[in-house]
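The values are calculated or read from the model by the stated rules, or taken from the named source; none is laboratory data. Everything numeric here is computed off the predicted structure, so don't read it as measured data. Cβ atoms come from the backbone with ideal geometry, glycine included; neighbour counts cover every protein chain shown. Heavy atoms of the whole protein, side chains included, go into the accessibility calculation; ligands, DNA and RNA do not. Shrake-Rupley method; radii C 1.70, N 1.55, O 1.52, S 1.80 Å.
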Amino acid sequence: MKFTDGFWRIREGVQISYATELRDVRTESKRFTSYAAVKRVRHRGDTLNAPLVTVECFSPAEGVIGIRVTHHAGKRRPGPDFSLTGDPDGAGTVRTDGRVTELTSGPLTLRLDGSGPFSLGFHDADGRELTRADAKGTAFATTGDGAHHMLTRLALGVGEQIYGLGERFTPFVKNGQTVDVWQADGGTSSEQSYKNIPFYVSSRGYGVFVNHPGAVSYEIGSESVGQVQFSVEDQSLEYYVVAGPTPKDVLSRYTALTGRPALPPAWSFGLWLSTSFTTSYDERTVTSFVDGMTERGIPLSVFHFDCFWMREYQWCDFRWDPDVFPDPDGMLARLKEKGLRISAWINPYIAQKSPLFDEAAALGHLVCRPGGDVWQWDLWQAGMGLVDFTGPEARAWFQSKLKALLDQGVDCFKTDFGERIPTDVVWHDGSDPERMHNYYTQLYNRTVFELLEKERGQGEAVLFARSATAGGQQYPVHWGGDCWSSFEAMAESLRGGLSLSLSGFGFWSHDIGGFEGTPDPEVFKRWLAFGLLSSHSRLHGSSSYRVPWEFGDEAVGVARRFTLLKHRLMPYLYGAAVETHATGVPMMRPMVLEFPGDPTCRPLDRQYMLGPDLLVAPVFSPDGEVEVYLPEGTWTHLLSGQKVTGPGWRTERHGYSSLPLYVREGAVLPLAGDDSRPDGDWLDAPVLLVHPTASPGYTAEITVPDTTGARAAAFRILRDGGVLRVTASGTDRPFTVRVAGGAEARGAGAVTVPLG
């Protein structure tokens, strides 16, 4: 929200009070509280009839400093609140030196200098200022409609770039944008977002998280061009500055605070196929799709039933449409005999026609209006109500309906929607409706994910979720929502996914071929390569099928090639997934995340790193022309073996069975010996594809996990003169070492391969 009218003036009807002069500081060993007047105090009379802003400074975790700015502290706080971890006693150390008070936590120091205008400076371990809330950086404002806003402005350095704030389809670098953190079902072609995260990462090596689950308004160099401003309609504003020095360090600290992603099961990384949304389908159709994939040599891991597995006008009552699926138990058993996992679409809305509506209403499990009436509307489903997940009984009731599906043979759920949450309602636990609008998705996805963990076991739970807020990364996987079937929408989807990855989300997918409309075969084939080089891969559409043969024989070949390639890459990809689970660093990484010191990488949003060592540049043109930037080093094309030296831009042209897919110098890619499935025995005849540097002292270590991520075999690679010596531990089974573009050798325990 903008409060000013240019640099000099305040907007009509707005009054702003800035924290101007420090009047007192109260210190403790690990935190301090400062009090700032909103005007210069020349004499005692100036302390009368004027506000005092309270600024609390603390550290919930090493490398994280929190600021809580309050005008009036007596406002009732009904919640909800983000669930954060950290040290309850505080992780900082306070010191004072004259008028200077400092709070240090790990490599981050907050400095308050009381000798001048009120300001807060944040410094790294070397004393470099990362950002600061200067003389107009801490304030509250009132508007003509009586609203009260708290706002903070943090300085932008010269050339500093801002990323994140959720899955945003607007430009990747957020400088110059107004961003409203407010859940909406807006597709992928607007400024709205399904996944709004009040957290951003700076190219200067720090992040900022606003600890407010409701509406947060950002002006990123768009009101004051040298500032990031964020504001909330409240009496208090709490934010955390998160230290780097690298973007990976920022994400690791942020996800330690808000929750690390669960590790998805290995089978979920394979290819998912959907019925699509409004298409006509029954068991015969489903079986023809599944058998058609097998006949064409395209391994399928998951089959997904979208909305119309249930009866029309009755979503969600969790009952199979008996006219379309008269034998659901038998059908699911038959599909499972084919080696498939089953996914079913759900949402948190219950239509009035469903018998579950009366049941839920009678039990008090639906959200009500202030007068006690059940909240309803006809948008999406006729007369639908909304499950009130703030009530533990409602959560248990909802889980009981899903458990019946799990007992039938369903393995996972697509948790659709969760954004259209009203604010003119009363919640079971008394939550504030404005704060609950964004937060509802957290309760929804957590309810479903926890049931899956309980029933299927930890490590077997996976969702396909559309909406999310901060902390939602704990319940993967998330997909990009409703996009068009075009090259432009394909690029929008990638841009949104990369933005989400810099918001703490480790696993992300999208609808291969696009959702709305029917893609041209050129779009579909290019999207196949992109989709199967994403963390998770799903074929899904709206009014048309997405089976590859609908788009020609060549599309079948492309689907087969990249599905088998992904299976071959699974030991490498799952190793990256284990890292994501442990550190919060995403699988699909914007170039700036892996190469923060390369200025050319900072704005790139049409290519990414898949794990630490694979560079992927999807093709967004019908003629196969693509621009790709390779950072410093020697890169080897995984499919052709061509070596290219960076840094530099390249313009390449690729057929449908290829795209820029480069392996980083020094990398060792562990490949599966069996490409028939994503969750095979990766320790059975693995191949180590080594890309050694020219250094005579080249060494590398790589682990090959099992499909649970619980154990792994370790391989150590050492250059010894003209040979590579590879030793294994944790396995006594044979493995192959292949030098990129060179020789290979096979053995157990230890293998030697000649170079050159």
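Tabulated results
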| quantity | calculated |
| --- | --- |
| Residue (of 356, 328, 339) at the positive-pole extreme of region 273-364, dipole from beta-carbon charges | 339 |
| Net charge contributed by nearby residues that have their C-beta within less than 15 Å of residue 312 (K/R +1, D/E -1) | -3 |
| For the chain, with +1 on Lys and Arg beta carbons and -1 on Asp and Glu, the positive-most of 100, 721, 292 along the dipole | 100 |
| The chain - share of DSSP beta bridges that are antiparallel (%, nearest 5) | 85 percent |
| Percent carbon-and-sulfur accessible area, region 1-123, ignoring ligands, DNA and RNA, probe 1.4 Å | 47 percent |
| For residue 693, residues with placed amide H under 5 Å, excluding near neighbours | 666 |
| Test item: Cα-centred dipole of region 323-363, Lys/Arg +1 and Asp/Glu -1 on Cβ, debye | 300 debye |
| FRET efficiency estimate (nearest 0.05) - Cβ-Cβ, residue 284 to residue 129, R0 51 angstrom | 0.15 |
| Carbon/sulfur fraction of accessible area - region 571-669, other protein chains in place, 1.4 Å, % | 49 percent |
| Unsatisfied cross-links (Cα-Cα over 27 Å) in the set 30/174; 414/525; 39/75; 353/401; 338/454 | 30/174 |
| Cα-centre dipole for the chain with unit charges at Cβ (Lys and Arg positive, Asp and Glu negative), debye to 20 | 1800 debye |
| Ellipticity estimate at 222 nm from DSSP helix runs (n ≥ 4, -39,500 (n - 2.57)) divided over the chain, nearest 500 | -6000 deg cm²/dmol |
| Mean Cβ neighbour count within 10 Å, used as a protection proxy, ranking 583-589, 148-154 highest first | 583-589, 148-154 |
| Alpha-carbon centroids, region 100-132 and region 182-196: separation in whole Å | 36 Å |
| Residue-normalised accessible area of region 215-269, expressed per residue, 1.4 Å probe, Å² | 21 Å² |
| Cβ-defined net charge surrounding residue 230, 13 Å radius [Lys, Arg +1; Asp, Glu -1] | -3 |
| Charge-dipole axis of region 489-609 as Lys and Arg at +1 and Asp and Glu at -1 on Cβ define it, positive-most pick from 582, 552, 541 | 582 |
| Separation between Cα centres of region 296-318 and region 450-484, rounded to whole Å | 17 Å |
| Dipole magnitude of region 164-277 about its Cα centre (Cβ charges: Lys, Arg +1; Asp, Glu -1), debye to nearest 20 | 560 debye |
| Sum of side-chain charges, residue 136 neighbourhood, beta-carbon under 15 Å (Lys, Arg +1; Asp, Glu -1) | +2 |
| Average accessible area per residue (Å²) across region 461-543 - probe 1.4 Å, nucleic acids and ligands excluded | 15 Å² |
| Region 40-127 shape via C-alpha gyration tensor axes, a/c threshold 1.5 | oblate |
| Within region 139-271, percent of DSSP bridges classed antiparallel, to nearest 5 | 95 percent |
| Carbon and sulfur %, accessible surface of region 311-386 computed with the full protein complex present, 1.4 Å | 49 percent |
| FRET efficiency, residue 651 to residue 720 (Cβ-Cβ, R0 51 Å, nearest 0.05) | 0.80 |
| Part-to-part distance (alpha-carbon centres) for region 360-419 and region 656-682, which is given in Å | 42 Å |
| ³J(HN,Hα) computed for each position of region 376-382 - Karplus, 6.51 cos²θ - 1.76 cosθ + 1.60, integer Hz, glycine/proline x | 9, 7, 10, 6, 5, 10, 4 |
| Surface per residue (accessible, 1.4 Å probe) for region 696-750, Å² | 51 Å² |
